[in-house]
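Q: Structure in structure tokens, see below.
The values are calculated or read from the model by the stated rules, or taken from the named source; none is laboratory data. Treat the numbers as computed from the prediction; the structure is a model and nothing was measured. Heads up, the Cβs are rebuilt from the backbone with ideal geometry, glycines too, and the neighbour counts pull from every protein chain shown. The protein model used for the area step is the full one, side chains on, heavy atoms only, and it has no ligands, DNA or RNA in it. Shrake-Rupley method; radii C 1.70, N 1.55, O 1.52, S 1.80 Å.
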Amino acid sequence: MDRNLILRTVSGIVYCAVIIVCTAPVLQAIFPHLPQQHLFWGLMGFLMLCGAWECTRLMKFDKRSWEFYAVFPLVILVFYRFSVRYYRHGFYFSFHLPELLELSLIALAAVTLFRFRDELYYENGKLIFTVIYTALPFSFALGLPKFGSSDFSLEVFFLFILIWCSDTFAYLAGRLFGKHKMAPKISPKKTWEGYAGGVVLTLIVSFFVEKYNPDLRGNWIAVGLLVSLFAPLGDLVESQLKRSFGAKDSGKLIPGHGGVLDRLDSFIICAPVVYLYFLIEKLF
């Protein structure tokens, strides 16, 4: 077997195992007093910091500029603000203007990348984009699950499952039926047929998630629809970011798969979208 294939397979399994262990209570049988919320918080913080580091390298920050040295204090400050709410159970999914503005910043960053990318060639533009693109999505992800003294809900676990399903089904459908390119200049392999296949098959998986997990927040058929629609957008955003700065991969943390941003591009967009859905869903 090809050595690169073995490396890619092993690193992929390790990556999936880490995600599962930190988002689902699989270790509770061995370590019954292990606080699952700490594992999840640590995972989100680690991925955020790795993503911010990859952004500084991918976007070619000037290491002599103050913006380069301001990146990590700012992303940590944003994450700390959300962490306080997380541990105080402060995510009540109520409409607050600052929260809505923070969610809108993620959309604004994506629009800037596609329509006004010249702004990102300045150091201050790089700094603002990095903080928004890495700190806010992982911070909002803290608000997706709920936990008490002995339980931890599985919203983020199933969010990853649906994202993986969307990516896999879109790839397979595109290989089998793909003819019409979705964004040939940004991601040449993506097709509208693959996109449609990802939507349909992810909705089927989300139906079973909803059927067998009634305690999850919201309606997971709706979540599945949102994931299938926005996961490919997350991939396009990261592809456009790499294309804008002439990079092939965001990093090499996951051998054979690239960096954290390469693997988490869909999550970075889907987590805030699902959080916004939970905000709206609670009103009804």
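Q: Which residue out of V84, V71, V131 is aliphatic (A, V, I, L, M) and surrounded by fewer than 14 Cβ atoms within 10 Å (Cβ to Cβ)?
A: V84
Q: Can you pull out the residues in region 169-189 that are open to solvent by less than 70 Å² (accessible area, probe 1.4 Å) and either part of a helix (DSSP H, G or I) or modelled with pLDDT of 85 or more (or both)?
A: Scanning region 169-189 gives F169, A170, A173, G174.
Q: With the checklist (1) outside any helix (DSSP H, G or I); (2) without any contact (Cβ under 8 Å) to a residue 24 or more places away in the chain in hand, flag the one item F61 doesn't pass.
A: (2)
Q: Looking at region 241-262 only, could you name the residues that are over 16 Å from the mean Cα position of the chain (by Cα) and assigned to a helix (DSSP H, G or I)?
A: Of everything in region 241-262, those that are over 16 Å from the mean Cα position of the chain (by Cα) and assigned to a helix (DSSP H, G or I) turn out to be K242, R243, S244.
Q: Identify the residue in region 263-284 that is open to solvent by less than 10 Å² (accessible area, probe 1.4 Å) and either hydroxyl-bearing (S, T, Y) or not in a helix (DSSP H, G or I) (or both) and, among all such residues, is farthest from A231 (Cα to Cα).
A: Filtering region 263-284 for residues that are open to solvent by less than 10 Å² (accessible area, probe 1.4 Å) and either hydroxyl-bearing (S, T, Y) or not in a helix (DSSP H, G or I) (or both), the one farthest from A231 (Cα to Cα) comes out as Y275.
Q: Say whether the condition of being over 20 Å from V260 (Cα atoms), open to solvent by 20 Å² or more (accessible area, probe 1.4 Å), in a strand (DSSP E or B) and aromatic (F, W, Y) is met by at least one residue in region 139-154.
A: Yes, because at least one residue in region 139-154 is over 20 Å from V260 (Cα atoms), open to solvent by 20 Å² or more (accessible area, probe 1.4 Å), in a strand (DSSP E or B) and aromatic (F, W, Y).
Q: Are any residues in region 115-132 in contact (Cβ under 8 Å) with a residue 40 or more places away in the chain and basic (K, R), and if so, which ones?
A: Listed by number, the residues that qualify are R117, K126.
Q: Among the numbered criteria (1) open to solvent by less than 70 Å² (accessible area, probe 1.4 Å); (2) modelled with pLDDT under 90; (3) not in a helix (DSSP H, G or I), which one does L216 miss?
A: Status for L216: all satisfied but (2).
Q: Being out of contact with any strand residue (DSSP E or B) (no Cβ under 8 Å at 6 or more places or on another chain) and more than 21 Å from V78 (Cβ to Cβ) narrows it down to one of I161, I128, so name that one.
A: I161
Q: Could you grab me the full set of residues in region 90-114 that are open to solvent by 60 Å² or more (accessible area, probe 1.4 Å), aromatic (F, W, Y) and either free of Cβ contacts under 8 Å to residues at least 60 places away in the same chain or not in a helix (DSSP H, G or I) (or both)?
A: Hits for region 90-114 are Y92, F95.
Q: Oh, and also: List every residue pair whose Cβ atoms lie under 8 Å apart, where the two residues are 6 or more positions apart in sequence or sit on different chains, the first residue falls within region 158-182 and is without any contact (Cβ under 8 Å) to a residue 24 or more places away in the chain, and the second residue, located anywhere, is surrounded by 21 or more Cβ atoms within 10 Å (Cβ to Cβ) and polar (S, T, N, Q).
A: Listed pairs, sorted by first residue: G174/T191; F177/T191; G178/T191; K179/T191; H180/T191; K181/T191.
Q: Is it the case that some residue within region 9-23 is touching a residue at least 60 places away in the same chain (Cβ under 8 Å), within 24 Å of V273 (Cβ to Cβ) and exposed (fewer than 11 other Cβ atoms within 10 Å of the Cβ)?
A: no
Q: While we're looking at this one, here's another question. Sort through I221, I204 and tell me the only one that's open to solvent by 50 Å² or more (accessible area, probe 1.4 Å) and touching an Asp or Glu at 6+ places or on another chain (Cβ under 6 Å).
A: After applying the criteria, what remains is I221.
Q: Please count how many residues of region 251-261 are open to solvent by 10 Å² or more (accessible area, probe 1.4 Å) and closer than 14 Å to Y133 by Cβ.
A: Residues that pass the stated criteria total 0.
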